[in-house]
Ligand SMILES: [Zn+2]
Ligand SMILES: [Zn+2]
């Protein structure tokens, strides 16, 4: 395997993870209900709280911030591993997906980000605070992806989220 192929596979994994964070975040924001069993209190309620108090989750610990993304990454990654076998892109997608909320945390608290995160931010592979702040502006309907600065401009430009919403019954919206 060449270095270029290694880099491209790692990039593909990161972008896949970024896209999936956007999809799940959009579903949580637009269709999630706090009244749902299990997912309501564990996922939807903290997500709503984050819109109202963006810094509340920064006061929790590493495990508390990341366990839901780690579980989701496992639930998606393990079937993919069984189908496609081990690969660099899948490993990167799993790692970045499992740590997506930590990257999100570093967007809110850049002074607490490690050196590697600052290096990734310099090339757009991690969001600076200003980029993620676009999602926090009401009505929270853009910039759903939380990892890179690469996908959000494209997905918002083509109106992916509003197009998907037109395909789904309006009564499903939260
Ligand atoms: Zn949101
Ligand atoms: Zn945020």
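Of note:
- For the chain, calculated [θ]222 nm from helices alone, where every DSSP H run of n ≥ 4 adds -39500 (n - 2.57): -20000 deg cm²/dmol
- Top of 70, 82, 93 by mean-square fluctuation, Gaussian network on the chain, Cα under 10 Å: 82
- Rounded if a/c under 1.5, otherwise prolate or oblate - the range 32-79, Cα gyration tensor axes: oblate
- Packing-based exposure ordering (other Cβ within 10 Å, fewest first) of 136, 157, 108: 157, 136, 108
- Förster radius 30 Å - calculated FRET efficiency between residue 111 and residue 167, Cβ distance, rounded to 0.05: 0.15
- By average C-beta atoms within 10 angstrom, highest first, the peptides 122-131, 13-22, 139-148: 13-22, 139-148, 122-131
- Given their separation in residues at 0.36 nm each and the Cα-Cα distance between them, residue 134 and residue 75 gain 18.3 nm when the chain is fully extended.
- 0 to 90° range, to nearest 10: angle between helix 88-98 axis and the chain longest Cα axis: 30 degrees
- Angle between the chain longest axis and helix 3-31 axis [Cα atoms, degrees, rounded to 10]: 10 degrees
- When only Cα pairs below 8 angstrom with a gap of at least 6 residues are kept, the range 3-172 shows a relative contact order of 28 percent.
- Listed from fewest to most Cβ neighbours within 10 Å, the set 62, 105, 96 follows the order 62, 105, 96.
- Whole-Å distance, taken between Cα centres, linking the range 100-121 and the range 13-63: 18 Å
- Gyration tensor verdict on the chain (Cα atoms; rounded if a/c is under 1.5, prolate if a/b is larger than b/c, oblate otherwise): rounded
- The modelled label-to-label distance between residue 51 and residue 7, using points 7 Å beyond Cα along the C-beta direction, is 4.0 nm.
- Cα gyration tensor, the range 31-124 - rounded (a/c under 1.5), prolate or oblate: oblate
Read-outs throughout are calculated quantities, based only on the coordinates presented, and are distinct from any laboratory measurement. Quick caveat, the model's predicted, so the values are computed rather than measured. Cβ: placed from backbone, ideal geometry, glycine included. Neighbour counts: every protein chain shown.
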